[in-house]
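The block underneath contains the structure these notes are about, expressed in C-alpha cells.
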Ligand SMILES: CC(C)(COP(=O)(O)OP(=O)(O)OC[C@H]1O[C@@H](n2cnc3c(N)ncnc32)[C@H](O)[C@@H]1OP(=O)(O)O)[C@@H](O)C(=O)NCCC(=O)NCCS
C-alpha cells in the first residue's frame, strides 16, 4: 500500500468511527430479492453483512425468491397466473415455491456459515436463526379472483425475533408464512421486509435494488428524499419505484431511516452506512440534519471540524480541555451522526461574542452558516443580550452582509478587551439584537 493510499485508508477509518458507534446495538432489516441473491456481488454483500454483524448491529435478513421461483416453474412447465401483478399460488405452484425457497434458504445459510474463508471476515462466526416468525392469512378473493395460497402477513413474532437478536443471532426470514390452521402462504418479500421493520421499529431498512438508489431526470442519484416530497419529485423512469413506496410507508410507521442501494455495486452497503453522503438514496421522515446545543460527546467532532481552520489561522486555537469546559456555549449541526457545522456564544455583560463559526468545506454555501448565526442570535436574545459581536480575520464580509457593522477593539466589553490579541489583529464587527 502506498503512503497516500495508507493516509486515505486512515482518514476513511477515522471518518467511519462515529457511524460504528451510532450503529452498534441498532436493529437493521436488510431486504435482498432473488435477483440480488443470484448476482455475482452477493458474495461481497455476505462479507459486508458479516462485518456489520461483528460490529454489533442487530441484523434481520429478509430474502425474496421471485427469480428462482420463475426459473423453477418454467423448468417444470408449471403454468402460473397473475392478477394485478400478484402471483396466484395454487397447490402445484406452492409445492414448487416451497422447494425453491427451501433450497435458497439452505444456500444462504451455507454462505453465511462458511467461516468466510479467504474473505476479509475469515474467522467471523455467525449464528443464524430462522423459524416460524411470520403468521399469515390468505389474500383471499379480490376482483373475483381467488389468490389461493398467496397470503399477507397477519403477525410478526417480534418477541421471538428480539430474543434471537439479543442472543447475538442474525435472523433470516423467508417469504413464507404459516396460518394457525397449518396452511402455508406465499408472501411478497419486499412487503414482508417492510412489515418486519415497522413492527420491530427498526432503526433502518435497507432495500438492495438493481440500480444505485433513485435517479433524477439527469440520471444522478438522489441522496436524500422525504416521503412528503415523493409525489412531486421527478424520477428518471417517471414512475415511483415500489421500494420507494415501501420505504416511505416504513418511515411513516416508525422506521427511522430507509435506504435504497445497489446489489450490483461492491461496497455499497458499507459506503451507505459509514460515509457522510452514502452510496444510494436515503428516505427519512425528517431531514437527517439537525441543529442543536453541543454536548461533551461532540467535542471530538468539533475538534475534527475546526482543527484545519485553526492550522490555517482562520480560527483561534482552542485546546480540548477548553472546548470541554465551554462545550455548553456551542451549537452544532449534525448530519447523520457527523458534525458539519458549529458556532459558539460567549456572553459578556450585555453583549455576546459569536465565535468559532465554521461549516465543513464539503457542506458550505447551503446556508448552514446562516442557520448557525440565527440560532446564536436567538439564544443571545433569550439571554437578554443587546448586541452580538464577532472577531474575524477572513470573514468580515460574510458578517457585514448579515447586518454586522465594523467596530474597534476599544468598543469590546472590558473583559474581552483584555483578551484581545493585537498580533492576530482581528477585525471587530457588531450587530444590535
Ligand atoms: C463563513 C462560513 C461559516 C460560512 O459557512 P456556509 O455554511 O457556507 O454559510 P452560508 O451558506 O450561510 O453562506 C454562504 C455565502 O457566504 C459567502 N462566503 C463564504 N465565506 C465568505 C467569506 N469569508 N467572506 C465573504 N463571504 C463568504 C459564500 O460565497 C456564499 O455566498 P453566495 O451564496 O452569495 O455565493 C464558512 O465559510 C467557514 O466555515 N469559514 C471558515 C471559518 C470562519 O471564517 N468563521 C468565521 C469567524 S468566527
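Derivation of every value follows stated rules applied to the coordinates shown; laboratory data play no part. This one's a predicted model, so the numbers in the text were calculated from it and none came from an experiment. Glycine also receives a Cβ, built like all others from the backbone with ideal geometry; neighbour counts cover every protein chain displayed.
DSSP finds beta bridges in the chain, and of those with both partners inside it, around 60 percent are antiparallel.
Computed over the chain with a Gaussian network model linking Cα atoms closer than 10 Å, the most mobile of 267, 182, 56 is 182. Structure remark: mean-square fluctuation, Gaussian network model of the chain, C-alpha springs under 10 Å; the largest value among 127, 249, 397 belongs to 397. Taking other Cβ atoms within 10 Å as a rough exposure proxy, 262, 16 sort from fewest to most as 16, 262. By the beta-carbon count within 10 Å of each Cβ, the least crowded to most crowded order of 6, 114, fewest first, is 6, 114. With the simple spin-label model, which puts each label point 7 Å out from Cα in the Cβ direction, the residue 179 to residue 22 separation comes to 4.4 nm. For the pair residue 402 and residue 9, a Förster radius of 41 Å applied to the C-beta separation gives a FRET efficiency near 0.55, rounded to the nearest 0.05. Radius of gyration over Kirkwood radius for the chain, both on Cα atoms: the Rg/Rh ratio is 1.09.
Comparing 344, 40, 358 in a Gaussian network model of the chain, where Cα atoms under 10 Å apart are tied by springs, the biggest mean-square fluctuation is seen for 40.
Every Cα-Cα pair in region 290-432 was counted, and those over 26 Å apart are 17% of them. Label positions at residue 367 and residue 154, each projected 7 Å from the Cα along the C-beta direction, are separated by 5.2 nm. Normalised radius of gyration (Cα atoms, divided by 2.2 N^0.38 Å) for region 358-425: 1.24.
Each of residue 145 and residue 132 was given a label point 7 Å from its Cα along the Cα-to-Cβ line. The distance between the two points is 3.1 nm. In region 278-355, Cα pairs under 8 Å separated by at least six residues give a relative contact order of 31 percent.
Under Stokes-Einstein, with the Kirkwood radius over Cα pairs standing in for Rh, what whole-number D in µm²/s applies to region 1-145 at 20 °C and 1.002 mPa s?
The diffusion coefficient I find is 117 µm²/s.
State, as an integer percentage, the relative contact order of region 3-286 based on alpha-carbon contacts under 8 Å between residues 6 or more apart.
Taking the mean separation of contacting Cα pairs over the length of region 3-286, I get 21 percent.
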